[in-house]
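Working notes for the structure below.
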Amino acid sequence: MAKQALSAELAALLATRRDGYGMPRDFYHNDALYPAEVAQIWNRGWLFAGFAVEIPKPGDYLTLTVDSTPVLVMRDDHHEVRAFHNVCRHRGTVLCRKDSGHARAVVCPYHAWTYSRQGDLIACHGMQEDVDKSALGLKPLHAEVCTGLIYISLAETPPAFAALRERFAAAARPQGFERARIAKVVDYDVESNWKLVWENNRECFHCTPCHPQYVKANFDIYEEEFASAAIKQKMAAAVARTQSKWAAQGIEITLQHGGLATFPDPERNLWFAADRTVMVEGFASESMNGERVSTLMGDYADSDVGVLRMRSMPNFWVHGSCDHAVAARLLPAGPRTTKVRGYWLVHEDAVEGRDYDLERMLPFWALTNEQDWEICKWQQKGVDSIGYEPGPLSTRKEYNVDAFIRWYLQQMRGDGVAAPQLRIA
Amino acid sequence: MAKQALSAELAALLATRRDGYGMPRDFYHNDALYPAEVAQIWNRGWLFAGFAVEIPKPGDYLTLTVDSTPVLVMRDDHHEVRAFHNVCRHRGTVLCRKDSGHARAVVCPYHAWTYSRQGDLIACHGMQEDVDKSALGLKPLHAEVCTGLIYISLAETPPAFAALRERFAAAARPQGFERARIAKVVDYDVESNWKLVWENNRECFHCTPCHPQYVKANFDIYEEEFASAAIKQKMAAAVARTQSKWAAQGIEITLQHGGLATFPDPERNLWFAADRTVMVEGFASESMNGERVSTLMGDYADSDVGVLRMRSMPNFWVHGSCDHAVAARLLPAGPRTTKVRGYWLVHEDAVEGRDYDLERMLPFWALTNEQDWEICKWQQKGVDSIGYEPGPLSTRKEYNVDAFIRWYLQQMRGDGVAAPQLRIA
Amino acid sequence: MAKQALSAELAALLATRRDGYGMPRDFYHNDALYPAEVAQIWNRGWLFAGFAVEIPKPGDYLTLTVDSTPVLVMRDDHHEVRAFHNVCRHRGTVLCRKDSGHARAVVCPYHAWTYSRQGDLIACHGMQEDVDKSALGLKPLHAEVCTGLIYISLAETPPAFAALRERFAAAARPQGFERARIAKVVDYDVESNWKLVWENNRECFHCTPCHPQYVKANFDIYEEEFASAAIKQKMAAAVARTQSKWAAQGIEITLQHGGLATFPDPERNLWFAADRTVMVEGFASESMNGERVSTLMGDYADSDVGVLRMRSMPNFWVHGSCDHAVAARLLPAGPRTTKVRGYWLVHEDAVEGRDYDLERMLPFWALTNEQDWEICKWQQKGVDSIGYEPGPLSTRKEYNVDAFIRWYLQQMRGDGVAAPQLRIA
């Protein structure tokens, strides 16, 4: 039941955005846009699914739902991470229903069709003899593991992954994601369209009013051009200290001038980025008082490593301190709901109560998350107004919001490829 | 605000189903289909509304809601069961608001328009003198009572009822529905489209994985062609035992070969069916341990009566043991919600605590129901996936799922009658 | 993503109403109509926003949401009441998030853009130097204060306000709304379309079945033509008593014949009205037993003042007794949800516990409100039925329901102005 006319309407809508300004109301208010976003962005790109350490052994699995599409990520008998559509090839029932678990084989709870961990249909007792089992394996999805991060794509032909792999592997090497321990997971339902979550994430203009704990630790709010001499001097000192210590081991401060690294970069087609920044003097970790909150993580041998920051469109970011890392996975669940999972990671041998306390580790980012989701909720209510008119973005502080919008428009236009027709829900 | 173009789109959608396979995603995922289903199926066919014993006396009534249409079923002054649209002819307010009750007359709670139990408008004080009361009686609906079952139809000209009456009356005679006692009613909100509830109901392929208690009592999972000699022998013995005892009284095992009776039968236009099956040795009743859970029901004089099974499209089924019967009434309440009422019936003179205990009687079917609704919920989530693709149906075990789909398509095509135009919700 | 074809469909729908009857099902059941109602009525007319006494000092504010549009009403530095779109001119975030409060300046919680109480943008640190602050003040809305009532309009060019001002000022003078104390506020979510709330409000045909406490106090259920001689005599006595006492002070019984004053009056384009009625002998106030429930309000020096009644389309009514007044503010929050705020007002110096008890003051109207919202809920369920067919309205008792419908159709037709195109939600 496609609506033939809407494709032209979508193109017309995309053309309404004025350079240097936010996006008009219909981008957030018109629910009919959402299916097109799912089709153009979420069903096409690379999505962070979870950490490889969540599924260490063959048969371990995790699940996620992208809009209304259930996905199964499983370690197979050969220790490879695979992803499948998490629905039975028989009647379509969801196969694995828990967030994570372990399975000898994937047995459909409905009629017991049984799939190997490689996704092959190995039993379907009760079916006619001439059923072609070889044609009824689980539908595979593209999956990649890079420095401990699992990415999947629902696309038939996803974008190239090699560049992300190269960049992330280099940047994240000392953080040790691939052997970390997940100390805590928190799930949030954010009451806003997923784009507002990204627009919020892509600037630290709001950090002073909204995140008092965050601005104590980081230089994000200081842009090079406008920073005071005192701030510049502090940053330079921190950079010098870190660089001299770590250059040989590849720990490099890549963003030395405050503010946020430029990301995404639609003109260069960059949907991922990784940087390392220094922290404010006295901060060894992104914690409330700046003290370390766990034992050193990965290959770090000293606290003076700044903050590793990686992110990829449309659904992942992580901040790594010397002792722990905090990641976020976004999943859209309707035009006005974004499901966010927050992860807190520590060294693989860290033991709660001995090496870290959640009471000390969680607040810095738990607060930052909750402050941001509250912003997003009121942002959604605001852009739903007939009185909302996009305002000018700060060229000093919101260059990345502008970049996000340009990236979004590029994706929705489909790089010259005809956009799929909108469908009535 | 009809959408002119969707009729052709509906026809196109109906044509997408491949023979022998399930229905494609849009049949379950596209909410715009639901109003067409209500129009073509729910507002046209015969719907089980309840049991005549629920409204034994003149003025007794029960209510139900078909999608968004409230229905009133009332016993009139002449002891006839009548059905009406349960809305006032004045401003449209719902008249009777409880599930069931008793009324001297139907008095609208809003402005006290008063209708007789025959539906005639008998008072509307405050209206102008020239109001034609004779034109403002409650809108009647077709209603039929057959062997204690009340059926209603919202259609102007419903399908013929005579064949159902004949078949059900013969099959259900000894069960005594028309004088039973309702021991328990349980209401369920199933989180799936109503079609998934039927597809689940129309096969016992899932019984071994999902209903351990059910398969102990019944032979449904054994098809004649594939059953072992031992199973065939057990069934034959049970058939012989029952037949020899009851032939003179019309208690006949009509399904002697295991599996499920073929139903529905769109080619023969059969939307109802009634059969009697044998139970496994040691089972006198569909109960957890096979023991009787109440005194004998209806005309039964002995436990050896197997299971009476009756069902009618689109909303009724019942299983009758020697001592109790369990029925289900389905009502759609949106594209992803099906309201199911479960009924447990016993002999009219059975007394709780003396003749039956709910703790012993309920579990067999309460479990079966809850197991099925859980299946349906995950089935809905699965077929909402972009990765769902209809798989092959088992010709051995899912012939009735195929039959249901063929029946559904036949109804939606309207037997050559032009389908009503889809409307935007 | 406008739907080009629906404008003609809207016109066709509006033409389906039969004179003297209720509106057909689609007016209440088809959710696609709601955005057109918001555009044609709620975003165009004058809306009661609250009482001026809620924001006595500069910087005091109150907020409300009209469908999805947040509104800020603030007393400015010059003691004027102003209204603005309650969204930041930067990214559109909702500015003031509480129901009411006080602010030195309006500071956006997101990026600290700061607006004066006059709505001027006075600071936006972090923005580029060449930002034109003068173009980025809060978007003003029309606001008027009349006899203590604050009205706002989202329209660019709202209807003339002068006639309402003149009528309300004269009628409400002795009630003292402009200096009253708000003793209680209660918020209700009514589960029906807003039109059903008005249809319920515009007749007292339902008062005898639904509001036993209300009909004891008021003559609304007696129309002149049909009232008994005894009733007429009682009313005349009450009128005479009040008139003789108050004529010099402008307290005039304007509705002397029972029933309800005619309102709205689409033919004369009247969207507001004010009247004073007498009460039943023994009733000094709209209270459960007729006794006064607070000290005298406003300029009243005696209980014998009847009931002042004022209302304006589409969202306000108030009943004023000698000692307290009860108002209602309606706001639509979707096609099937109406948010109603109830206000109880007393003399500005009245002190709870000494001069009034809420336990005595609230029940009369709290009951009336709750009884009406229950009616509206069942009315919505009824008109959603395929069996609902508009019935004849009582020419004796529902002339104002008819008037409301005529007014509604007039507004939706836009007085000859082309209706805005319907949009998909």
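The values are calculated or read from the model by the stated rules, or taken from the named source; none is laboratory data. This is a predicted model, so every value here is computed, not measured. All Cβ positions, glycine included, derive from the backbone under ideal geometry; neighbour counts span all protein chains shown. Each accessible area value is taken on the protein alone, full model and side chains, heavy atoms only, with ligands, DNA and RNA left out. Shrake-Rupley method; radii C 1.70, N 1.55, O 1.52, S 1.80 Å.
Treating r as the C-beta distance of B:ASP19 and B:ASN269 and R0 as 25 Å, the FRET efficiency rounds to 0.80.
Dividing the convex hull volume of the alpha carbon atoms of region A:111-150 by its residue count gives 78 Å³ per residue.
Grab the DSSP H runs of chain C that are 4 residues or longer, score each as -39,500 (n - 2.57), total them, divide by all residues and round the 222 nm result to the nearest 500 deg cm²/dmol.
Working: 11 runs with 104 residues, N = 425.
Taking each H run of at least 4 residues, the total per residue is -7000 deg cm²/dmol.
A:ALA247 label point (Cα plus 7 Å toward Cβ) to equivalent points in the other copies: 10.4, 10.4 nm, shortest first. The order of A:HIS29, B:HIS90, B:HIS257, A:HIS102 by accessible area, most exposed first and with a 1.4 Å probe, is A:HIS102, B:HIS257, A:HIS29, B:HIS90. Please compute, over every Cα-Cα pair in chain A, the percentage with a separation greater than 35 angstrom. Percentage above 35 Å: 32. The alpha-carbon atoms of region A:103-220, seen along their principal axes, cover 68, 35, 31 angstrom, with the largest extent given first.
If you take the accessible area of C alone, add that of B alone, and subtract the area of the pair, what total do you get in Å², probe 1.4 Å, to the nearest 100?
On the way: alone 18610 and 18590 Å², together 34210 Å².
Buried surface at the C/B interface: approximately 3000 Å².
Normalised size of the protein assembly as shown, defined as Cα radius of gyration per 2.2 N^0.38 Å with N residues, equals 1.06. Solvent-accessible area of B:ARG25, all protein chains in place: 60 Å² (probe radius 1.4 Å, heavy atoms, ligands and nucleic acids excluded).
If you sort C:GLU291, C:GLU129 by accessible surface, 1.4 Å probe, largest first, the order is C:GLU129, C:GLU291. Taken as entire DSSP H runs, the helices of chain B never both span 24 Å or more between Cα atoms along their own long axis and average 0.0 or more on the Kyte-Doolittle scale. In whole angstrom, note down how far apart the Cα centers of region A:207-235 and region C:333-354 are. Here the two parts' Cα centres lie 47 Å apart. How much net charge surrounds B:PRO109 when only the other residues with a Cβ under 13 Å from the Cβ of B:PRO109 are counted, with Lys and Arg +1 and Asp and Glu -1? The answer is +3.
Among the GluC sites (Glu not before Pro) in region C:189-279, those placed in a DSSP loop whose Cβ has at most 10 other Cβ atoms within 10 Å are C:GLU225. Sorted shortest first, the distances from the B:ARG396 label point to those of the same residue in the other copies are 7.6, 7.6 nm; each point sits 7 Å from Cα along Cα-to-Cβ. Within the straight-line cut-off of under 19 Å between alpha carbons, the lysines reachable from A:LYS57 are A:LYS98, sequence neighbours fewer than 8 places apart in one chain being disregarded. What separates the Cα centres of region A:254-330 and region A:18-92 is a distance of 24 Å.
If I take R0 = 35 Å and measure r between the Cβ atoms of C:ASP99 and B:LYS133 in this structure, what FRET efficiency does the formula 1/(1 + (r/R0)^6) give, to the nearest 0.05? Display every interim value, and only then the final one.
Values: r = 49 Å, r/R0 = 1.41.
Using R0 = 35 Å, I get an efficiency of 0.10.
Ignoring ligands, DNA and RNA, what percent of the accessible area of the protein assembly as shown is carbon or sulfur (1.4 Å)?
Numbers: 23750 of 46860 Å².
Its accessible area is 51 percent carbon and sulfur atoms.
In angstrom, the C-alpha Rg and Dmax of region C:10-110 are 18.4, 55.
Can you give the Rg to Rh ratio for region B:126-180, taking only C-alpha atoms and Rh from Kirkwood?
Over the Cα atoms of region B:126-180, Rg/Rh equals 1.25.
Normalised by residue number, the volume inside the convex hull of the Cα atoms of region B:298-372 is 112 Å³ per residue.
Using only the alpha carbons of region B:245-349, what is the convex hull's orientation-averaged projected area in square nanometres? If you can, show how the numbers build up before the last one.
Working: hull surface 34.6 nm².
Mean orientational projected area (region B:245-349, Cα hull): 8.6 nm².
Comparing the full protein assembly with the isolated chain, the residues of region A:93-135 losing at least 40 square angstrom of accessible surface (1.4 Å probe) are A:VAL94, A:ARG97, A:TYR110, A:HIS111, A:GLY126, A:MET127, A:GLN128. Compactness of region B:193-257, taken as the C-alpha radius of gyration over 2.2 N^0.38 Å, stands at 1.35. The lysines within cross-link reach of B:LYS195, meaning a Cα-to-Cα straight distance under 19 Å and a gap of 8 or more places when in the same chain, are B:LYS339, B:LYS377, B:LYS381, B:LYS397.
In this assembly of identical copies, the label point of C:PHE226 (Cα plus 7 Å along Cα-to-Cβ) is separated from its counterparts by 7.2, 7.2 nm, sorted shortest first.
Between B:ALA123 and C:THR395, what is the FRET efficiency for a Förster distance of 30 Å, r being their Cβ-Cβ separation, to the nearest 0.05?
On the way: r = 18 Å, r/R0 = 0.58.
Efficiency at R0 = 30 Å is approximately 0.95.
Summing charges over neighbours of A:VAL94, with a neighbour being any other residue whose Cβ is under 12 Å away from its Cβ, gives +3 when K and R count +1 and D and E count -1. Of the trypsin sites (Lys or Arg not before Pro) found in region A:58-149, those that fall in a DSSP loop while having at most 13 other beta-carbon atoms within 10 Å are A:LYS98, A:ARG104. Mean separation of Cα pairs under 8 Å and 6+ residues apart, divided by the residue count of region B:181-273: what relative contact order is that in percent? Averaging sequence separation for qualifying contacts and normalising by length gives 24 percent for region B:181-273.
The order of A:ARG44, A:ARG311 by accessible area, most exposed first and with a 1.4 Å probe, is A:ARG44, A:ARG311.
Sum up the charges of everything whose Cβ sits under 14 Å from the Cβ of B:ARG165, counting Lys and Arg as +1 and Asp and Glu as -1, but leave B:ARG165 out.
Details: positive: B:ARG167, B:ARG173; negative: B:GLU144, B:GLU166, B:GLU178.
Local charge sum for B:ARG165: -1.
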